[in-house]
1. State whether the residues of segment 9-18 include one that is assigned by TED's automatic domain parsing to the domain that holds Val127, among the β-branched types (Val, Ile, Thr), under 24 Å from Phe132 (Cβ atoms) and surrounded by 13 or more Cβ atoms within 10 Å (Cβ to Cβ).
2. Look at Tyr315 and say whether it is among the hydroxyl-bearing types (Ser, Thr, Tyr), in contact with a Ser or Thr (Cβ under 8 Å, 6 or more places away or on another chain) and assigned to a loop (DSSP other than H, G, I, E, B).
3. On the given criteria, is Leu234 hydrophobic (A, V, I, L, M, F, W, C) and outside any helix (DSSP H, G or I)?
4. Among the candidates Phe246, Phe212, single out the residue that is of a type outside the set (Lys, Arg) and within 22 Å of the chain's Cα centre (by Cα).
5. Kindly list the number of the only condition in (1) more than 27 Å from the chain's Cα centre (by Cα); (2) over 25 Å from Leu321 (Cα atoms); (3) of a type in the set (Ser, Thr, Tyr) that fails for Ser285.
6. State which residue pairs qualify: first residue farther than 20 Å from Val312 by Cβ and inside segment 205-217, second residue part of a helix (DSSP H, G or I) and of a type in the set (Lys, Arg) in any location, beta carbons under 8 Å apart, and separation of 6 or more residues or different chains.
7. With the requirement that a residue be of a type in the set (A, V, I, L, M) and either under 26 Å from Met116 (Cβ atoms) or out of contact with any strand residue (DSSP E or B) (no Cβ under 9 Å at 6 or more places or on another chain) (or both), what does segment 126-143 give you?
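The values are calculated or read from the model by the stated rules, or taken from the named source; none is laboratory data. Owing to the predicted nature of the structure, the values given are computational and were not obtained by experimental measurement. Here the Cβ is made from the backbone with ideal geometry for all residues, glycine too, and neighbour counts use every protein chain on show.
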Amino acid sequence: MYQREFDQKLKQAFSKAVLFYGENDYLIDFYIDTYIKKTDAKESMLSLYHDEWNFEQAKNFLSQTSLFGGTNLLIVKHNKKIPKKELDILIALANKNEDNYFLYGYAGAPKDAKSMQTAFTEKKGGVWVRFFEPNIRDGIALLQQKAQQIQLDIDHFALQHLMLLLNNNLALCANELDKLAILEMKVTSKDIDRLVYSTAPLATEQLLIDLFNKKPITPTITKLLDLGEDEASLLRSTQYFVNQIFLFHAYIKLHGHIDSAAILGYKLPKPIEEQKAQLALRVKSAALLKIFEHLLESEILIKKAPSTQKEVLLYSMLIKLQGYL
């Protein structure tokens, strides 16, 4: 089910076992926090995040009688799927005792969570909820609610500016609101520009990953330009990214494995290292040569063009580059 239907369900009763997933980490954390407050389980809950996950520990926790009459609230966050057999056992245990609850925040790809929905059916005493990335209007409404809770004086336009600056990431926006509340003053867009660090570099990296994965890139380019990134900086970032992909491509062909420390001179986190290796393996050597030539030609055109034409040339450069992949 989706958020609105789940909200209606919560007005009647809190489900004993819930699978949360989707593109909105903020709402997943929001509803987990709602459960913690509603069940008064802050002191008696067990949270197992990522590498802490242990099925036997989780099963034993839900199997025991609640100490001092409290609630056994099990919270699991993981980017890997829990086997259905284990989920069935935990959901059954959650429903066996009125003081038991099991919440599973799945941090992996939403398409991979669909296979787990069958474990969280109402017949088995569970429910699944998928969240989507909020649009600006819904995001601002959630942040206004957060601002009221922490008594932060901030207007609609400042919240909109904050969402734009942090690439529509509600979790980051909410964290920044907590920091801004310390000022104990009305917060304006100028205050946000002065005190909040933009996520534009992260958005640029995501743009280039999407570009190599042949995903739509026009909305992200527009957003980056709105954030204040200029055509020259995006061109440099693209050249740097393509050069990294080339180095990964050449190293893998020569050695048959990846080693970011040998390739770049410093070690990348494992997921990022594997991601760049996958992109490098996907592109052909001939295509990389054409991309390098295209970037050189585009650099000359963008540098010589009047400022009114640079933006159009940037869009054209990236769209044509994607065509080579």
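1. yes
2. No, not satisfied.
3. No: the conditions fail for Leu234.
4. Step by step, each of Phe246, Phe212 is checked, and only Phe212 is of a type outside the set (Lys, Arg) and within 22 Å of the chain's Cα centre (by Cα).
5. Of everything listed in (1) more than 27 Å from the chain's Cα centre (by Cα); (2) over 25 Å from Leu321 (Cα atoms); (3) of a type in the set (Ser, Thr, Tyr), Ser285 misses just condition (2).
6. From residues that are farther than 20 Å from Val312 by Cβ, the pairs are Phe212/Arg282.
7. Residues satisfying the conditions are Val127, Val129, Ile136, Ile140, Ala141, Leu142.
Residue by residue, here is whether (1) surrounded by 17 or more Cβ atoms within 10 Å (Cβ to Cβ); (2) closer than 20 Å to Gly126 by Cα holds:
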position	(1), (2)
Thr39	yes, yes
Met45	yes, yes
Leu48	yes, yes
Asn54	no, no
Lys59	no, yes
Thr71	yes, yes
Ile75	yes, yes
Lys84	no, yes
